[in-house]
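Peer 1: Below you will find the structure I want to go over with you.
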Amino acid sequence: MRRATALPELRSFLRSVVGRMTITSLVVAARGVWTVRERSVVRRMLRGLAQRVEVISDVEAALLGALDGRPGILVLAGTGSIVLGRDDQGRVARTGGLGPLIGDEGSAFWLGREWLRLTPKVAGIARALARRPDAVARIAAFAPLVLSRARRGDPRARAIAAAGQEHLAALAGGVVRTLQLPSPVRVSWSGSVAGNDWYRAGLRRALAHRFACRWQAPVTDAALAAARLASRLAHPRAAGGQRGERRRSPRSGK
């Protein structure tokens, strides 16, 4: 298996995969692609590879896969964090996703950073990590430790986890208000931190204080969701009124 690791490599990668085949529809789910301009840049980069090229963000693909195209919200908390939602008209809104310098509340990085910040005896480790080029990944790697200690009752770790859950719940509430999603709101999750059963249970309690939820395990992953969208775009008549076909550019819920 070969993998394209960055957008500039994508055209040559896909050309080597498809060869001379005629591709009707191509869906690219790329990281950090949100605006009309960003999508247009990627489409131009891939011009000629398919009759129709659709560009969405990787989080949109995760939302489509998790909820199978139904309206609701996706709480994604891995190294970073973001909440994305869509209503039954195809409108999309997001909160978070601003990166470690500004946001990523409740994420692995945030949990690790708070642990290092609030634990005096690891100050030397924290200073050393802050100077590393891979600081974000290194700090995020502390999240399993924080959650493990929180689960065992460590007061500091529990306080950090609870604050992270409240931050994520606040982000989710922003999306629900922006889209005016009806109650109960369908909620799914993605990412290593949101995938932690103990952490997610606390997140469920935090969300329940804000709005009624109907939790749903992810139906499928982002890659398969993108492939299914490509199939629907290639055969619109056969797809008919299938879920997930209508989509608009995301709006910020902040």
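Peer 1: Which value at 222 nm does the chain reach when only helices count, each DSSP H run of 4 or more adding -39,500 (n - 2.57), with the total divided by all residues and rounded to the nearest 500 deg cm²/dmol? Walk me through the intermediate numbers first.
Peer 2: On the way: 11 runs with 120 residues, N = 254.
Value at 222 nm, helices only: -14500 deg cm²/dmol.
Peer 1: Mind listing the phi-derived Karplus ³J(HN,Hα) values for segment 111-127, rounded to whole Hz, using 6.51, -1.76 and 1.60 with θ = phi - 60°, and x for any glycine or proline?
Peer 2: For segment 111-127, the Karplus-derived couplings read 4, x, 5, 5, 5, 5, 5, 9, 10, x, 5, 10, 4, x, 4, 4, 5 Hz, x marking Gly and Pro.
Peer 1: Oh, and also: Using the Kirkwood formula over every pair of different C-alpha atoms, what hydrodynamic radius in Å results for segment 71-218? Could you put the intermediate results ahead of the total?
Peer 2: Numbers: mean 1/r = 0.0645 Å⁻¹.
For segment 71-218, inverting the mean 1/r across all distinct Cα pairs yields 15.5 Å.
Peer 1: While we're looking at this one, here's another question. What ranking, highest mean first, results for peptides 70-78, 211-219, 133-141, 109-117 when packing means the other Cβ atoms within 10 Å averaged over each residue?
Peer 2: On the way: 70-78: 25.0, 211-219: 14.4, 133-141: 16.6, 109-117: 23.0.
So the peptides 70-78, 211-219, 133-141, 109-117, ranked by packing, come out 70-78, 109-117, 133-141, 211-219.
Peer 1: Just the Kirkwood number for segment 134-185, please: inverse of mean 1/r across all distinct Cα pairs, in Å, one decimal.
Peer 2: Numbers: mean 1/r = 0.0774 Å⁻¹.
By the Kirkwood definition, the hydrodynamic radius is 12.9 Å.
Peer 1: Still on this model: So how do 81-91, 150-160 stack up, highest first, on mean other-Cβ count within 10 Å? Spell out each step's value before the answer.
Peer 2: Working: 81-91: 21.7, 150-160: 15.6.
Those peptides, ordered most packed to least, come out 81-91, 150-160.
Peer 1: In addition: Ordered by packing density, taken as the mean number of other Cβ atoms within 10 Å over each peptide's residues, highest first, how do 180-186, 203-209, 193-199 rank? Walk me through the numbers on the way to the answer.
Peer 2: Details: 180-186: 15.0, 203-209: 17.1, 193-199: 19.0.
Most protected by this proxy first, the peptides run 193-199, 203-209, 180-186.
Peer 1: Looking only at the chain, where both bridge partners belong to it, what percent of the DSSP beta bridges are antiparallel (to the nearest 5)?
Peer 2: Numbers: 11 of 26 bridges.
Among the beta bridges of the chain, antiparallel pairing accounts for roughly 40 percent.
Peer 1: Something else: I'd like the antiparallel share, as a percent to the nearest 5, of DSSP beta bridges with both residues in segment 71-218.
Peer 2: On the way: 11 of 18 bridges.
Around 60 percent antiparallel, to the nearest 5.
Peer 1: In which sequence would 27, 176, 41 go, from the one with the fewest C-beta neighbours within 10 Å to the one with the most? Provide the component values of the computation, followed by the final result.
Peer 2: Details: 27 22, 176 25, 41 13.
Placing the least packed residue first, the sequence is 41, 27, 176.
Peer 1: Could you give the semi-axes, largest first, of the ellipsoid that matches the chain, computed as the square roots of 5 times the alpha carbon gyration tensor eigenvalues and rounded to whole Å? All intermediate terms of the calculation are to be shown ahead of the outcome.
Peer 2: Working: eigenvalues 235, 109, 39 Å².
Ellipsoid semi-axes (Å, largest first): 34, 23, 14.
Peer 1: Same structure again: Grab the beta carbon distance between residue 162 and residue 35, set R0 = 41 Å, and tell me the FRET efficiency rounded to 0.05. Could you put the intermediate results ahead of the total?
Peer 2: Details: r = 34 Å, r/R0 = 0.84.
Efficiency at R0 = 41 Å is approximately 0.75.
Peer 1: In addition: Using Cα pairs closer than 8 Å and at least 6 residues apart in sequence, work out the relative contact order for the chain, in percent.
Peer 2: Working: 454 pairs, mean separation 65.5, N = 254.
Computed over the chain, the figure is 26 percent.
Every read-out reported here was derived from the displayed coordinates using simple, explicitly stated rules and does not represent laboratory data. Quick caveat: nothing in here was measured; it's all calculated off a predicted structure. Cβ sites come from the backbone with ideal geometry, for glycine too, and all protein chains shown count toward neighbours.
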